[in-house]
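No lab work stands behind these numbers, since they all come straight from the coordinates. The shown structure was predicted, so the numbers you read here are calculated from the model rather than taken from an experiment. Backbone-built Cβ (ideal geometry, glycine too); neighbour counts: all protein chains shown.
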Amino acid sequence: MNVFRRRTVADLQAEADQDKRLNRVLGPVNLTMLGVGAIVGTGIFVLTGTVAAQNAGPAVVLSFVLAGLASVFAALCYSEFASLVPMSGSAYTYGYATLGEIFAWIIGWDLVLEYAVGAITVAIGWSGYMVSFLNSVGIHLPPELCVAHGQLVTLADGTQVKALFNLPAVIIVGLVTTLLVVGVKESAQFNNVIVIIKLAVVVLFIVGAISAVNTANWHPFIPANTGQWGQFGFSGVLAGAGVVFFAYIGFDAVSTAAQEARNPQRDMPIGIIGSLFLCTILYILVSAIATGVVPYQQLDVPDPIAKAADMAGMKWMSLLIKLGAIAGLSSVILVMMFGQSRVFWAMSRDGLLPAFIHHVHPRFRTPWLTTISTGVFVAFFSAVFTVREAGSLCSIGTLLAFVIVCVGILALRIRHPELKPRFRTPAVWFVAPMGAITAMVLMAALPWKTWERLLVWMAIGLVLYFTYGYRNSRLSVERVKD
């Protein structure tokens with residue numbers, strides 16, 4: 001049994017050149033906006049305050065820097081792979097080319113935790129923001145249709161009933177699924193508009209609130225540790241980095257669009273690194289200003305940026321921030337579902353998932369079956385799950401993908417020194433190991449319950465691989481024919 005069989009880089013490059021079924025319409029601006037659309041969401045609007053109040057104080061800025069640094073190492077490795085192997089599938093495809101089929105399956109299965117579960121988490125959050133926004137303008141939805149099934153909700157007359165399901169979450173997932181089926185160009189244009197709206201809100205906050213910063217709120221910059229690991233001090237900065245890492249999840253989704261990019265060898269690295277760089281700068285500025293305007297102890301609220309805007313004399317911005325959050329979450333859902341459908345499409349191409357879903361719509365030129373399947377999956381679980389249930393696996397799944405990509409780039413350099421990708425990871429023998437190590441350190445900081453869920457998920461995945469994927473793999477079928 002050869003579970004380490006690999007697809008060669010030359011084979012993948014040839015297939016990328018020959019397979020013209022997907023519509024190659026995305027340029028560097030669209031790809032960068034795709035990355036920003038995936039990254040800027042709840043992280044900047046919520047996690048800034050939570051981490052400042054509970055972990056790092058004003059040094060939340062350093063938490064964002066550390067999490068961003070861990071992401072940069074991985075982003076450089078992703079960029080080399082994306083320029084060398086311009087195929088849909090992201091880390092799944094890179095793992096297949098370097099570490100073998102079993103690792104490709106593991107990472108493909110693992111990416112469900114990042115993209116699909118991430119979309120579920122964000123759809124639930126989108127529902128909460130939308131309900132809050134509608135309430136603020138006098139529109140009130142039935143409470144029993146706004147949260148997860150079985151949750152207790154209070155009706156207008158004061159009675160409590162169990163919720164049926166989360167209708168707003170289902171609606172947004174349905175709309176995004178429809179848009180993704182209709183076309184990647186249309187999806188990208190919609191994402192561009194949404195990204196411009198949320199970036200405008202963020203920039204407006206930075207420009208408007210910076211004059212209200214009181215530098216006394218930054219002292220002490222790193223509050224003294226309380227005696228418990230993770231509560232302030234340097235350990236608090238580290239723990240905070242593990243939490244705010246969630247705010248960086250998504251830049252790697254750019255790599256799933258490789259077969260829909262006009263010039264992937266050049267444009268994919270621009271999209272990946274450009275989006276990460278832009279978002280890191282915004283995160284640092286927003287967290288610095290928020291903790292400069294509001295004492296960090298007061299930022300542990302659901303809407304810390306709105307609170308900072310209020311204290312900066314920008315009460316009028318509260319509604320805009322809610323709109324920015326809704327816009328931000330909408331684009332995150334779109335990009336996460338886009339990425340998941342492309343990973344499933346790539347796995348079905350290789351025979352690890354049923355071949356019938358590897359189908360491109362004759363008119364829209366999109367992988368419509370995997371898109372609809374992803375939409376149904378995300379809609380169902382976003383209707384019945386809570387944020388905590390859906391979100392616990394997202395960060396650890398992403399970090400595992402980072403570890404495999406960083407190790408994979410070293411394996412590629414050793415096995416194929418003759419390859420000359422358009423973009424090469426600088427100082428690869430430092431960057432790649434540091435990417436893997438920092439990702440593993442952040443994984444180690446996560447609670448054991450999250451690890452248990454990861455191990456159970458991986459065990460289910462391995463059962464599926466050995467009962468279906470291994471026997472139906474394209475490499476297995478080709479070997480039998482030979």
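Quick look at the values:
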quantity	calculated
Counted charge near residue 406, where neighbours are those whose Cβ lies closer than 15 Å (Asp, Glu -1; Lys, Arg +1)	-1
Cα-based reach from residue 20 at 19 Å (exclusive), listing lysines while leaving out same-chain residues under 8 positions away	185
Hull-based mean projected area of the range 223-265, where the convex hull spans the alpha carbons, in square nanometres	4.2 nm²
Semi-axis lengths, Å, the range 1-73, gyration tensor of Cα atoms, sqrt of 5 times eigenvalues	39, 20, 10
About the Cα centre, charge dipole magnitude for the range 362-428 (Lys/Arg +1, Asp/Glu -1 at Cβ), debye	400 debye
Proximal lysines to residue 322, defined as alpha-carbon separation beneath 17 angstrom and excluding residues fewer than eight positions away on the same chain	198, 307
Cross-link reach list, aspartates and glutamates versus residue 449, counting only Cα pairs under 19 Å and skipping chain neighbours closer than eight places	110, 114, 389
Phi to ³J(HN,Hα) by Karplus 6.51 cos²θ - 1.76 cosθ + 1.60 over the range 375-384, Hz, x for Gly, Pro	x, 5, 4, 5, 4, 4, 6, 6, 6, 10
Long-range HN-HN contacts of residue 26 with modeled amide H, under 5 Å	261, 262
For peptides 62-74, 13-25, sequence by mean Cβ density within 10 Å, most packed first	62-74, 13-25
Per-residue HN-Hα couplings for the range 224-234 [Karplus 6.51, -1.76, 1.60; θ = phi - 60°; Hz; x = Gly/Pro]	5, 5, 7, x, 10, 4, x, 9, 6, x, 5
Over the chain: Kirkwood hydrodynamic radius from C-alpha pairwise inverse distances, Å	22.7 Å
Estimated vicinal HN-Hα couplings, Hz - the range 191-203 in sequence order (Karplus 6.51, -1.76, 1.60; Gly, Pro = x)	4, 4, 4, 4, 5, 4, 4, 6, 5, 4, 5, 5, 5
Distance histogram for the range 168-304 (every C-alpha pair counted, 10 angstrom bins, percent rounded to whole numbers)	9, 28, 31, 20, 11, 1
Area projected by the alpha carbon convex hull of the range 399-454, averaged over all directions, nm²	4.4 nm²
Theoretical ellipticity at 222 nm over the chain - DSSP helices of four or more residues, -39500 (n - 2.57) apiece, nearest 500	-21000 deg cm²/dmol
Leading residue at positive end of dipole, the chain (Cβ point charges), from 239, 263, 409	263
Distant-in-sequence amide H partners of residue 230 (H built 1.01 Å from N, under 5 Å)	235, 236
Relative packing of peptides 245-258, 270-283 - highest average C-beta neighbours within 10 Å first	245-258, 270-283
